[in-house]
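> My questions will all concern the structure given below.
The values are calculated or read from the model by the stated rules, or taken from the named source; none is laboratory data. Fair warning: this is a prediction, and the values are worked out from it, not measured in the lab. Here the Cβ positions follow ideal geometry from the backbone for every residue, glycine too, while neighbour counts run over all protein chains shown.
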Amino acid sequence: MTLTLGFSPCPNDTFIFDALVNKKIDTEGFEFEAVLADVETLNQWALEGKLDITKLSFPAFFRSLTNYTLLNAGSALGKGVGPILITDSTQEISEDDINQGSIALPGIHTTANLLFTFAYPNAIDKQFMLFSAIETALINKEVDFGVIIHENRFTYQQKGLYKVKDLGEYWEEKMELPIPLGGIAINQSIKRSAALKINELIRKSIEYAFANYPVIADYVKQHSQEMSEDVMRQHIDLYVNNYSLDLGDEGREAIENLHEVFLEINNQEEADDEDVLFL
């Protein structure tokens, strides 16, 4: 059985799926066709139901509940892992400054956009762009603020940029739960018995990666472009953890709470009883 599997080229995703797609573990008869793309492209494809299994941001998942169900393994949740609002100025920034300013965000369907809106519901001048272009947009004064994700949270200070607010910390303070960033969802056209086996294979792939860590696999390096191994490890250490192996009760509660925030922000009614988030 061959299945399409979408994930980003970021070190946390390639770390998770290396053993699976490169058959370093027994895939038990499953073949996986890896499709690598940036997260907002994956989000858009999820809305179209394009892939069998896919990494996606949680807002995109919440919009795709008729097509996808969340697997228990592979998600990115944690504490101290959230997106960061930054600017190019050392001046004190007020909430009014942010509400009246232009903000670069890494995609309308991203968790970064949802968490920014959760913190600043009255900020409306949003400009969506590829996550890796946000720092440059700030440096070139094309926008007043930017929300950064992925490896940029490790490098923005080197580029003369400054933190305004850690949006993940804001979520943690308000909700007292880890931050759900992205998950691995499976198309509902795939039988539950197969989905459960695939979930177990992803968990085994992560366990294999951890067993060989801190060695960085060639597959991870291949897709990390000019990123240093130190930044790769920071990336993996931050985004791959026990929640990636198993969401657990706390992980599910965090996702359920984010779903409620998503519905409230988008002026939608409470979740339908028929909406099933988890496998």
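> Does any residue of the stretch 54-70 turn out to be among the charged types (D, E, K, R) and either under 11 Å from the mean Cα position of the chain (by Cα) or outside the structural domain of ASP144 (by TED's automatic domain parsing) (or both)?
Keep residues of the stretch 54-70 that are among the charged types (D, E, K, R), which gives 55, 63.
With either under 11 Å from the mean Cα position of the chain (by Cα) or outside the structural domain of ASP144 (by TED's automatic domain parsing) (or both) added as a condition, the list becomes 55, 63.
So far as the stretch 54-70 goes, yes, one or more of its residues are among the charged types (D, E, K, R) and either under 11 Å from the mean Cα position of the chain (by Cα) or outside the structural domain of ASP144 (by TED's automatic domain parsing) (or both).
> Condition test on SER228, is it at pLDDT below 95 and in the same structural domain as SER64 (by TED's automatic domain parsing)?
Working: at pLDDT below 95: yes; in the same structural domain as SER64 (by TED's automatic domain parsing): yes.
So SER228 fits the description; yes.
> Check GLY107, GLY29 and return the single one that is in contact (Cβ under 8 Å) with a residue 12 or more places away in the chain, in a loop (DSSP other than H, G, I, E, B), assigned by TED's automatic domain parsing to the domain that holds ILE148 and of a type outside the set (Val, Ile, Thr). Break it down into steps so the answer makes sense when it comes.
Details: GLY29 fails: assigned by TED's automatic domain parsing to the domain that holds ILE148.
Within the list GLY107, GLY29, the selection yields GLY107.
> Taking the stretch 73-97 as the region of interest, how many residues are out of contact with any helix residue (DSSP H, G or I) (no Cβ under 9 Å at 6 or more places or on another chain) and not acidic (Asp, Glu)?
Adding up the residues that qualify gives 4.
> Here's something else I'd like to know. Can you pull out the residues in the stretch 240-254 that are crowded, with 18+ Cβ neighbours inside 10 Å and either in contact with a Gly (Cβ under 7 Å, 6 or more places away or on another chain) or free of Cβ contacts under 8 Å to residues at least 12 places away in the same chain (or both)?
ASN241, TYR243, SER244
> Just checking, which of ILE86, ILE16 is β-branched (Val, Ile, Thr), in a helix (DSSP H, G or I) and either surrounded by 19 or more Cβ atoms within 10 Å (Cβ to Cβ) or assigned by TED's automatic domain parsing to the domain that holds VAL240 (or both)? Step through it out loud before you land on a result.
Numbers: ILE86 fails: in a helix (DSSP H, G or I).
None of the other options fit; the residue is ILE16.
Yes/no per residue for (1) buried (at least 20 other Cβ atoms within 10 Å of the Cβ); (2) part of a loop (DSSP other than H, G, I, E, B); (3) in contact with a helix residue (DSSP H, G or I) (Cβ under 6 Å, 6 or more places away or on another chain):
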| residue | (1), (2), (3) |
| --- | --- |
| ALA137 | no, no, no |
| GLY168 | yes, no, no |
| LYS174 | no, no, no |
| LEU177 | no, yes, yes |
| LEU181 | yes, no, yes |
| ALA185 | yes, no, yes |
| LYS197 | no, no, no |
| ILE202 | yes, no, no |
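> Here's something else I'd like to know. Within the stretch 147-163, count every residue that is surrounded by fewer than 18 Cβ atoms within 10 Å (Cβ to Cβ) and touching a residue at least 12 places away in the same chain (Cβ under 8 Å).
First, pick out the residues of the stretch 147-163 that are surrounded by fewer than 18 Cβ atoms within 10 Å (Cβ to Cβ): 154-155, 157-160, 162-163.
Subsequent filtering for residues that are touching a residue at least 12 places away in the same chain (Cβ under 8 Å) retains 154-155, 159-160, 162-163.
Here the count works out to 6.
> Right, another one. Looking only at the stretch 219-239, decide whether some residue is surrounded by 14 or more Cβ atoms within 10 Å (Cβ to Cβ), part of a strand (DSSP E or B) and of a type in the set (Asp, Glu).
no
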